[in-house]
């Protein structure tokens, strides 16, 4: 049933992987009003442990630290501005980090550390 999507709640997770398969059984509670799902079926899915709305996420490589304070370099009107930020959640699988404060949605930032680039430097963004 590749076109079907089902949403459920995790009831329990086996604490040990199945011998020989390294599979872990996850037991769900979900509605099945049309009877499409039957015992013994296998699925592939995602478990959302936490979901945040309206979060500004930046690449971890964009975050720089000085004196235990974190900041990013934003580009405003062709000039680099150092912006202190408060770091929130981290998503290692995507290498993204939440910027809880210090940035607004849509602002352009430098995505990696570049030697010689600092606050007040003039820059030209290629392609603009």
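Derivation of every value follows stated rules applied to the coordinates shown; laboratory data play no part. All figures in this text were calculated on a predicted structure; none of them were measured in a lab. In this analysis, Cβ positions are derived from the backbone assuming ideal geometry, glycine residues included, and neighbour counts consider all displayed protein chains.
Annotations for the structure displayed:
- With Rh defined as the Kirkwood radius, the inverse of the mean 1/r over Cα pairs, the Rg/Rh of the chain is 1.19.
- Label-point separation in nm, residue 125 to residue 27, each point 7 Å along Cα→Cβ: 5.2 nm
- Residue with peak Gaussian network fluctuation, the chain [Cα springs, cutoff 10 Å], from 20, 102, 111: 20
- Contact order for the chain, expressed relative to its length and based on alpha carbon pairs under 8 Å spaced 6+ residues apart, stands at 20 percent.
- Overall shape: prolate for the range 42-87, with the ratio a/c of the largest to smallest alpha carbon gyration tensor axis at 1.5 or above and a/b above b/c.
- Spin-label zone in the range 86-128 - amide nitrogen under 18 Å from a point set 7 Å from the Cα of residue 67 along the C-beta vector: 86-87, 118-120
- Kirkwood Rh, Cα atoms: Rg over Rh of the range 67-128: 0.97
- Sites residue 13 and residue 100, calculated FRET efficiency, Cβ-Cβ separation with R0 35 Å, nearest 0.05: 0.70
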